[in-house]
Amino acid sequence: MEGGDSQVEMKLSPEVEEELESNGVGEHLHHHPESYRRKPQRTPKNICFLVAATLLVVIIGYLIGYLVHRKQDKASPTCDRAVSVSTDEESSQPESFAPKQLDWGEVKGMLGDKLTVSRIEASLSEFASVDHRAGSPGDEALANKVLRRFQENNMKTWNDEHYVKLQAPPTSGSNTVTFRGQSLGSIQGYLAYSATGKAEGAVLYAYYGRLEDFADLKDLSIDLNGKIILVRAGEISFAEKVDNAAKMNASGVLIYPDPADYDLSDTTQLFGHVHLGSGDPYTPGFPSFNHTQFSPVRSSGLPSIIAQTITPIMAQTLMRGMEGRNTPRSWKDGGLSGVLYKLGDLSDIVSVEVNNVLVETKIHNVFGVIKGVTDADRYVVIGAQRDAWGPGFAKSTVGTALLVELAKAISEMIREGRFMPRRSLVFASWTAGEYGNIGATEWLEGYLPSLSMKAYSYISLDGVVTGSDTFKASASPLMNGLISDTLKEVNSVSNPGKTLYALASGPSWETSVLEPLKMTNPAYPFITFSGIPSVSFRFTKSQGSEEYPYFGTLYDTREKLESATFSNLPKVVRAAGQVAGHMALRLVHDHLLRLSVGAYDKIIRGHVIQINKKVNTLQESGRLPNNFTSKWLISAIGSYGRGARALVDTIDNSDLEDTEQCRMLNDRIMRVEADLLSPYVSPTKTPFRHILLGLGPHTFTALVDHLDVLKSSVGSDDVDKLLNQFALASWTLQACSNALAGEVWDMNNNI
């Protein structure tokens with residue numbers, strides 16, 4: 001600036017200069033040097049041009065900065081970032097495609113719109129079948145139907161082939177039962193995996209065949225050796241009844257449905273299996289893939305004695321002729337007409353012959369996947385059994401129909417561009433479920449290493465409708481919070497104005513809804529063998545009413561199920577679909593998995609308190625040395641509580657928009673179940689390795705039982721075995737606690 005004159009030169013990019021010149025503005029900006037020697041003429045026209053040029057430069061700079069900033073945003077992924085959705089064609093969305101992440105209310109509303117009664121009705125009709133035993137042509141036909149339905153939804157599909165050993169009825173003739181030399185009649189029903197051969201002995205009535213029932217007989221000083229045990233169906237599984245009888249040195253077991261427990265015709269034939277385990281019992285712990293070579297091996301759960309079912313009329317004939325002592329007072333009489341329930345006499349001789357045959361059978365599991373958009377390699381599995389002994393409408397048809405309808409509904413939600421799951425959804429159609437969850441277990445055995453790290457949860461659709469009034473569930477405690485939230489969102493069919501949660505009676509919803517997880521439950525192998533948090537559920541009749549009696553019979557038909565649901569079958573199936581769909585979608589929609597890591601804390605503490613009391617009692621009575629201590633087990637449960645709290649604190653202080661951080665937290669949550677599998681027992685000899693829900697000497701239940709045995713006798717071997725059980729239980733729990741707490745550098749314990 002010299003005196004009152006100011007000289008300015010504005011340099012613009014060639015493109016901007018070109019544009020300005022074309023608009024007649026450039027001539028006012030490109031002055032010759034001589035013009036700077038003259039005092040500029042401040043006319044209104046010049047001022048307007050200068051202001052316009054300045055504004056234009058500011059706007060162009062703003063646009064350039066915005067574009068640069070937008071590119072930087074694209075390079076930084078978050079939990080909400082959308083990527084391509086894969087189908088069979090592996091098509092992908094443009095990178096600029098960023099769908100709105102729907103809130104949970106919109107997601108469940110969309111599912112409700114897609115999951116309609118009319119669609120469910122059509123699928124129930126499509127998948128109804130009279131004959132679809134595992135490996136049969138009817139089973140294969142249903143598998144192909146499921147596969148086609150998945151493909152129609154543009155899902156990636158595949159099947160899993162196994163060669164398993166199934167036990168079938170005799171190829172000629174039938175199994176036989178005689179009483180005092182007289183045949184009880186023609187037998188069609190049978191128990192797969194029974195021992196074969198012939199057994200003869202005095203018949204002994206043993207109520208339901210529970211251990212406490214045999215204890216009652218022992219209290220009466222009744223000899224059980226070599227007896228043919230007659231028991232009623234119900235209370236425990238067929239396999240447990242036979243296993244308990246074998247422990248008593250019985251030679252055989254007969255099982256019948258008593259009219260007091262089951263509203264069935266007198267001639268109803270029962271079907272089932274007696275393998276105390278899951279999967280193909282001739283490849284325990286191994287997958288039954290073709291050409292896989294193993295040395296001959298049998299599951300420890302195969303029975304050593306023969307077992308056979310008989311009809312109510314056969315049981316009536318048998319028990320009318322039985323003599324002997326009256327039953328214990330605690331046993332309730334059954335409903336067989338004209339029968340005085342007696343225990344039986346040494347002269348009541350029964351002969352049982354079982355000629356079942358082992359058949360190597362090819363089976364197929366069928367799968368379809370809807371891939372997630374951020375964590376496609378992490379998934380939730382929804383599965384349903386496809387086979388049945390007879391029509392199996394409640395057992396398998398409902399679950400299969402619901403499986404394909406859920407797949408269709410969620411696929412449509414995604415195709416419409418309105419929903420993008422973070423994680424993948426795998427839909428599985430299993431077979432050979434009637435023989436002990438064989439199809440599902442063989443899949444778990446074949447892919448255990450990857451499943452235990454990537455499968456976040458399993459939701460079973462088997463037997464989800466047996467009534468309409470009451471909701472029941474069996475699940476890993478990790479699923480409790482998710483179940484509770486879901487029950488608050490689904491209305492009852494029998495009482496539409498109220499949610500399932502509102503109708504749960506009792507001191508808490510848990511006591512009303514949750515049932516113990518039994519070995520026969522389809523979710524059992526997923527939790528106890530693979531360490532995958534799982535749930536199975538069902539709509540059933542109201543409390544106190546008779547349970548659906550037709551499983552394992554040839555009368556499990558649509559007509560029977562319509563009667564059990566008061567002709568509301570499609571509506572109840574839809575409600576079951578909402579329950580399963582809400583749980584599955586929650587697990588693939590939310591940033592963090594809705595799994596309750598703190599739920600196990602209360603359960604473990606209950607076990608430890610019980611164990612500690614028994615140890616103190618045994619020490620006071622002198623049956624355990626005073627230096628025996630359970631403090632390490634108590635320390636381990638303390639570590640678990642601290643680990644659970646540490647995880648909650650980490651979540652509270654984490655950026656849930658960070659994809660990688662979400663993934664790491666979810667892996668820690670999911671690993672809790674797998675870390676409760678004991679690493680100190682063999683999966684082939686003790687497959688159900690879960691220390692809280694499993695079966696075997698490594699479990700907390702076995703530890704309690706051992707302490708009870710020590711009340712009557714104790715030796716050095718017993719104490720050594722007890723010490724070993726304490727050590728393995730403590731270290732399994734401590735290892736789970738350590739994994740829950742975080743990385744090794746975050747831990748500080750002195751155990």
**OP:** For region 600-618, enumerate the residues that are out of contact with any Leu (no Cβ under 6 Å at 6 or more places or on another chain) and not β-branched (V, I, T).
**Re:** Y600, D601, K602, R605, G606, H607, Q610, N612, K613, N616
**OP:** Inspect region 713-722 for any residue being open to solvent by less than 20 Å² (accessible area, probe 1.4 Å) and not assigned by the TED database to the domain that holds D243 and give the result as yes or no.
**Re:** yes
Original post:
Taking the stated definitions as given, is A307 at pLDDT 95 or above, closer than 30 Å to W443 by Cα and open to solvent by less than 30 Å² (accessible area, probe 1.4 Å)?
Top reply: yes
**OP:** Scan region 121-135 residue by residue and report those that are touching a residue at least 40 places away in the same chain (Cβ under 8 Å) and either in a helix (DSSP H, G or I) or open to solvent by 20 Å² or more (accessible area, probe 1.4 Å) (or both).
**Re:** E121, S123, L124, E126, F127, A128, S129, V130, D131, R133, G135
Original post:
Considering only residues of region 464-483 that are out of contact with any helix residue (DSSP H, G or I) (no Cβ under 6 Å at 6 or more places or on another chain) and either without any contact (Cβ under 8 Å) to a residue 40 or more places away in the chain or over 21 Å from A599 (Cα atoms) (or both), which is most open to solvent (accessible area, probe 1.4 Å)?
Top reply: D469
Subject >> Filtered residues of region 198-223 (kept if within 18 Å of A239 (Cα to Cα), surrounded by fewer than 18 Cβ atoms within 10 Å (Cβ to Cβ) and not basic (K, R)) >> reply: L211, E212
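Results for (1) under 29 Å from the mean Cα position of the chain (by Cα); (2) farther than 23 Å from K241 by Cα, shown as yes or no for each residue.
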position: A168; (1), (2): yes, no
position: T171; (1), (2): no, yes
position: N175; (1), (2): no, no
position: Q182; (1), (2): no, yes
position: L191; (1), (2): yes, no
position: A202; (1), (2): no, no
position: R210; (1), (2): yes, no
Subject >> Counted residues, region 503-523 - those being open to solvent by 10 Å² or more (accessible area, probe 1.4 Å) and touching a residue at least 40 places away in the same chain (Cβ under 8 Å) >> reply: 9
**OP:** Considering every residue within region 385-395, establish whether at least one is assigned by the TED database to the domain that holds D139, over 23 Å from G112 (Cα atoms) and part of a helix (DSSP H, G or I).
**Re:** yes
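Each row is one residue, and each column tells you yes or no for (1) within 25 Å of L302 (Cβ to Cβ); (2) at pLDDT 95 or above; (3) among the basic types (K, R).
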residue	(1), (2), (3)
V117	no, yes, no
I120	no, yes, no
R149	no, yes, yes
D160	yes, no, no
Q167	yes, yes, no
S183	no, yes, no
V203	yes, yes, no
V231	yes, yes, no
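Considering only residues of region 402-421 that are outside any helix (DSSP H, G or I) and open to solvent by less than 10 Å² (accessible area, probe 1.4 Å), which is modelled with the lowest pLDDT? Give the derivation first.
Just the residues of region 402-421 that are outside any helix (DSSP H, G or I), to begin with: 416-421.
From what's left, open to solvent by less than 10 Å² (accessible area, probe 1.4 Å): 419, 421.
On the way: F419: 91, P421: 95.
Within region 402-421, the match that is modelled with the lowest pLDDT is F419.
Quick one: count up the residues across region 436-458 that are among the hydroxyl-bearing types (S, T, Y), outside any helix (DSSP H, G or I) and over 17 Å from N159 (Cα atoms). Working first, answer last.
Applying the first criterion (among the hydroxyl-bearing types (S, T, Y)) to region 436-458 yields 441, 447, 450, 452, 456-458.
In the following step, the residues that additionally are outside any helix (DSSP H, G or I) were identified as 447, 456-458.
Now drop any that are not over 17 Å from N159 (Cα atoms), which leaves 456-458.
Within region 436-458, residues that are among the hydroxyl-bearing types (S, T, Y), outside any helix (DSSP H, G or I) and over 17 Å from N159 (Cα atoms) number 3.
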Original post:
Residue check, Q151 against (1) in a helix (DSSP H, G or I); (2) within 15 Å of T400 (Cα to Cα); (3) open to solvent by 40 Å² or more (accessible area, probe 1.4 Å), all met but one. Which one?
Top reply: (2)
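When you check I637 against the structure, is it assigned to a helix (DSSP H, G or I), aliphatic (A, V, I, L, M) and in contact with a His (Cβ under 9 Å, 6 or more places away or on another chain), yes or no? Walk me through how you get there before you give the answer.
On the way: assigned to a helix (DSSP H, G or I): yes; aliphatic (A, V, I, L, M): yes; in contact with a His (Cβ under 9 Å, 6 or more places away or on another chain): yes.
Considered against the rule, which asks whether it is assigned to a helix (DSSP H, G or I), aliphatic (A, V, I, L, M) and in contact with a His (Cβ under 9 Å, 6 or more places away or on another chain), I637 comes out as yes.
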**OP:** Answer yes if at least one residue in region 167-182 is touching a helix residue (DSSP H, G or I) at 6+ places or on another chain (Cβ under 6 Å), closer than 21 Å to M322 by Cα and part of a loop (DSSP other than H, G, I, E, B), and no otherwise.
**Re:** no
Original post:
Would you pick out the residues in region 581-611 that are more than 24 Å from the chain's Cα centre (by Cα) and either open to solvent by 50 Å² or more (accessible area, probe 1.4 Å) or more than 25 Å from T732 (Cα to Cα) (or both)?
Top reply: R605, I609, Q610
Original post:
Quick check: is even one residue across region 669-682 modelled with pLDDT under 90, open to solvent by 20 Å² or more (accessible area, probe 1.4 Å) and farther than 22 Å from K454 by Cβ?
Top reply: yes
**OP:** Read through the list (1) open to solvent by 10 Å² or more (accessible area, probe 1.4 Å); (2) at pLDDT 95 or above; (3) out of contact with any Leu (no Cβ under 7 Å at 6 or more places or on another chain), then give the number of the only condition that D348 fails.
**Re:** (1)
Original post:
Which one of these does A599 not meet: (1) over 29 Å from E657 (Cβ atoms); (2) touching a residue at least 24 places away in the same chain (Cβ under 8 Å)?
Top reply: (1)
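The rows are residues; the columns are (1) in a loop (DSSP other than H, G, I, E, B); (2) more than 26 Å from P170 (Cβ to Cβ); (3) free of Cβ contacts under 8 Å to residues at least 60 places away in the same chain.
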residue	(1), (2), (3)
V203	no, no, no
L230	no, no, no
S299	yes, no, yes
P303	yes, no, no
**OP:** Scan region 264-275 and give yes if some residue there is in the same structural domain as I349 (by the TED database), over 24 Å from V352 (Cβ atoms) and open to solvent by less than 20 Å² (accessible area, probe 1.4 Å), otherwise no.
**Re:** no
Subject >> Filter result for the condition that a residue is within 12 Å of L585 (Cβ to Cβ) and touching a residue at least 12 places away in the same chain (Cβ under 8 Å), over R423, R378 >> reply: R423
Original post:
So how many residues does region 549-569 have that are crowded, with 21+ Cβ neighbours inside 10 Å and not acidic (D, E)?
Top reply: 7
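The values are calculated or read from the model by the stated rules, or taken from the named source; none is laboratory data. Because the structure is predicted, anything quoted here is derived from the model rather than measured. Neighbour counts are summed over all protein chains in view; Cβ atoms, including those assigned to glycine, are modelled from backbone coordinates with ideal geometry. Only protein heavy atoms, including side chains, enter the accessible area calculation; ligands, DNA and RNA are left aside. Shrake-Rupley method; radii C 1.70, N 1.55, O 1.52, S 1.80 Å.
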